[in-house]
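The values are calculated or read from the model by the stated rules, or taken from the named source; none is laboratory data. None of the values given here were measured: they were computed from a predicted structure. As a convention, Cβ positions derive from the backbone with ideal geometry for all residues, glycine included, and neighbour counts pool all protein chains shown.
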Amino acid sequence: MKRRHRWLVLGALVTAASVINVALSPGLSAYSFRPNLGLCCLIVCSLFTGPNTASALGFWAGLLEASYAATDLGSLIVSRTLAGFGVGILEERIFRDHVLVAVAATFLGTLGAEGCFFLFAPQPHAGAWAIATLNEAFANALLATPVYYGTRWIVHMG
């Protein structure tokens, strides 16, 4: 796929994942594990691009998530932008074309994004929030494998 079209495809993937997350969020949970498909897809897509495009994808993912959350708009946008940038900068530094890297980046990226969100917009009941964040990070890490292989197939298809 041409580099100039890659950001469009990755943006469409993040948009689709965010829409699916909004539409199916209650049905995607298993016990207390509720993944954030938009954040998971953002982190995996950020592995396939550089920090600038990953930041733009993070801004877009934060804007999409904030559009239905209706609270803490700036905090969601900033935390997702920083998560995209942080993972996107790894593209130049590590061997990113491996599923274990995607799983680890998704787990740590979810913790980083949600931790950054907590710094900007502290939530009541920090202990319950921390447990929910760990559950989300584990669920996102489990979803990272199919998201990674699907994204890799789409990116390398063209």
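All conditions but one from (1) within 21 Å of residue 41 (Cβ to Cβ); (2) assigned to a helix (DSSP H, G or I) apply to residue 97; the one that does not is (2). Condition first: free of Cβ contacts under 8 Å to residues at least 24 places away in the same chain and charged (D, E, K, R). Can you find one or more residues in region 147-157 that meet it? For region 147-157, residues free of Cβ contacts under 8 Å to residues at least 24 places away in the same chain and charged (D, E, K, R): absent.
Pairing residues of region 83-107 that are over 14 Å from residue 49 (Cβ atoms) with residues that are assigned to a loop (DSSP other than H, G, I, E, B), at Cβ distances under 8 Å and at least 6 apart in sequence or on separate chains, gives 101/47; 101/94; 101/95.
Here is a check on your reading of the model: is residue 33 touching a residue at least 12 places away in the same chain (Cβ under 8 Å) and over 18 Å from residue 141 (Cα atoms)?
Details: touching a residue at least 12 places away in the same chain (Cβ under 8 Å): yes; over 18 Å from residue 141 (Cα atoms): no.
No.
Residues of region 59-75 being assigned to a loop (DSSP other than H, G, I, E, B) and of a type in the set (Gly, Ala, Ser), which ones? Full working, then the answer.
Kept after step one, since they are assigned to a loop (DSSP other than H, G, I, E, B), are these residues of region 59-75: 70-72.
The one that is assigned to a loop (DSSP other than H, G, I, E, B) and of a type in the set (Gly, Ala, Ser): 70.
Condition check for residue 21 on (1) modelled with pLDDT of 90 or more; (2) surrounded by 21 or more Cβ atoms within 10 Å (Cβ to Cβ): one failure, at (1).
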